[in-house]
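K.L.:
Before anything else, here's the structure in question.
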Amino acid sequence: MDTDLTAAYARCQELHKRHGRTYYLATRLLPAWKRRHVHALYGFTRYADEIVDRTEDLPMAERAARLDEWSARFLVGLRGEPVDDPLLPAVLHTIAVFDLDRADFASFLNSMAMDLTVTSYPSYDDLLDYMEGSAAVIGTMMLPILGSSDPAAAREPARQLGVAFQLTNFIRDVAEDLDRGRTYLPDEDLARFDVTRDDLFAAKALGRATPRIRELIEYEVTRAQAHYAAAAPGITLLAPASQACMRTAYALYGGILDEVAAQDYDVFARRAVVPRRQRLAVAARALLAPTGAPVVIPGPARTPVAVG
């Protein structure tokens with residue numbers, strides 16, 4: 001492997017280690033040769049996200065121009081032309097090695113562009129349209145790297161897991177997203193529980209959720225739980241060497257929902273995190289679990305709302 005490519009993979013790993021602690025821990029359970037490719041995909045998604053979310057002091061037009069410029073550089077690389085970029089060579093190499101669907105990457109970049117202008121979603125269907133590119137395609141990108149005994153059957157569970165992970169982040173990060181002027185809790189859900197955006201801002205200022213907001217968050221937890229349930233069969237369809245990794249990621253992200261429930265669905269009181277000791281214990285259990293063992297669906301023991 002040439003020096004530039006090695007450096008690009010190292011840059012992706014650095015981004016993953018710094019910003020994706022939960023998933024980074026799970027990735028360490030993969031065979032070494034697979035890890036760098038997962039780091040590359042994480043680096044791609046994280047770097048695009050940082051262009052959108054870490055440049056908030058810049059005018060909107062300049063932020064959009066930066067994303068367009070980086071997207072154009074990526075497309076140039078897909079055509080086989082050399083690119084001057086700290087991480088794209090690793091991404092392009094991973095795409096080539098596994099013949100990943102280029103349309104998934106275009107869909108992802110389109111969702112990132114939406115984050116520059118879209119600040120809320122009227123309905124859950126609207127949010128699902130956004131998550132098609134921001135989350136579901138991550139599952140289909142990952143699947144060839146993880147490997148599967150039945151890729152066709154594993155495809156939809158992989159997509160559902162991407163959505164489940166992102167919904168978990170949306171639930172945990174309501175306050176953080178408000179700082180960026182966005183809400184990923186659908187407007188129709190807010191109306192269902194008689195909650196306004198002003199109510200969310202007030203709760204953030206107080207550091208405490210109202211009873212109606214807690215009911216709203218509880219509803220969103222059960223919605224995410226439904227996606228975890230839809231994703232669960234896919235874990236046992238993965239290649240044996242990949243199951244411990246995804247079993248760990250599944251349990252750790254799901255554990256965030258358990259933490260939200262444990263704090264009575266008050267996502268403004270503190271950021272829900274899975275304690276480090278518990279994260280390590282989850283990883284150890286995943287390593288010891290026999291191949292094909294089912295996963296435990298996270299969240300409170302209740303009937304989840306339907307997916308969609």
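K.L.:
Taking only protein heavy atoms and a 1.4 Å probe, what accessible area per residue, in Å², does region 199-260 have with all protein chains in place? Provide the component values of the computation, followed by the final result.
P.N.:
Values: 1920 Å² over 62 residues.
Accessible surface, normalised per residue, equals 31 Å².
K.L.:
I would also like to ask the following. Quick one: length gained pulling L287 to E156 fully straight, 0.36 nm per residue minus the C-alpha distance? Display every interim value, and only then the final one.
P.N.:
Values: separation 131, 0.36 × 131 = 47.16 nm, distance 2.47 nm.
Taking L287 through E156 to full extension adds about 44.7 nm, to one decimal.
K.L.:
What distance in nm separates the simple spin-label points at A191 and T119, each placed 7 Å from Cα in the Cβ direction?
P.N.:
So the label points at A191 and T119 sit 1.9 nm apart.
K.L.:
Still on this model: What residue among F74, F98, F170 has the largest mean-square fluctuation in a Gaussian network model of the chain, using Cα springs under 10 Å?
P.N.:
Result for the chain, Cα springs under 10 Å: F98 fluctuates most.
K.L.:
Could you work out [θ]222 nm for the chain from helices alone, using -39500 (n - 2.57) per DSSP H run of at least four and dividing by all its residues? Round to the nearest 500 deg cm²/dmol. Intermediate values should be presented prior to the final figure.
P.N.:
Values: 15 runs with 212 residues, N = 308.
After summing the helix terms and dividing by residue count, I get -22000 deg cm²/dmol.
K.L.:
Leaving ligands, DNA and RNA out of it, report the carbon-plus-sulfur percent of the accessible area of the chain at a 1.4 Å probe. All intermediate terms of the calculation are to be shown ahead of the outcome.
P.N.:
Values: 7280 of 13660 Å².
Exposed carbon and sulfur together represent 53 percent of the surface.
K.L.:
For region 136-255, with only Lys/Arg (+1) and Asp/Glu (-1) charged at the beta-carbon, what is the dipole magnitude about the Cα centre, in debye rounded to 20?
P.N.:
Working: 13 positive and 15 negative charges, 60 e Å.
Approximately 280 debye in magnitude.
K.L.:
Here's a follow-up. Be a star and scan region 245-265 for residues whose amide nitrogen sits under 20 Å from the point 7 Å along the Cα-to-Cβ vector of E176.
P.N.:
Counting only backbone N, you get 249-265.
K.L.:
Let me ask you something else. From the mean inverse distance of alpha carbon pairs (Kirkwood) and the Cα radius of gyration, derive Rg over Rh for the chain.
P.N.:
Details: Rg = 19.1 Å, Rh = 20.0 Å.
In the chain, Rg relative to Rh is 0.96.
K.L.:
Sticking with this structure for a sec: What's the extension gain from A106 to E215 if we count 0.36 nm per residue and subtract their Cα-Cα distance?
P.N.:
On the way: separation 109, 0.36 × 109 = 39.24 nm, distance 3.63 nm.
Taking 0.36 nm per residue and subtracting the Cα distance, the gain is 35.6 nm.
K.L.:
Further, regarding this structure: Obtain the radius of gyration and the Kirkwood radius of region 91-210 from its C-alpha atoms and give Rg over Rh. It would help to have the intermediate numbers written out before the result.
P.N.:
Values: Rg = 16.9 Å, Rh = 15.9 Å.
Rg/Rh for region 91-210 comes to 1.06.
The values are calculated or read from the model by the stated rules, or taken from the named source; none is laboratory data. None of these values were measured; they are calculated from a predicted model. Quick reminder, even Gly has a Cβ in these numbers, built from the backbone with ideal geometry, and neighbours come from all protein chains shown. In case anyone asks, the SASA skips ligands and DNA or RNA and just uses the protein heavy atoms, side chains included. Shrake-Rupley method; radii C 1.70, N 1.55, O 1.52, S 1.80 Å.
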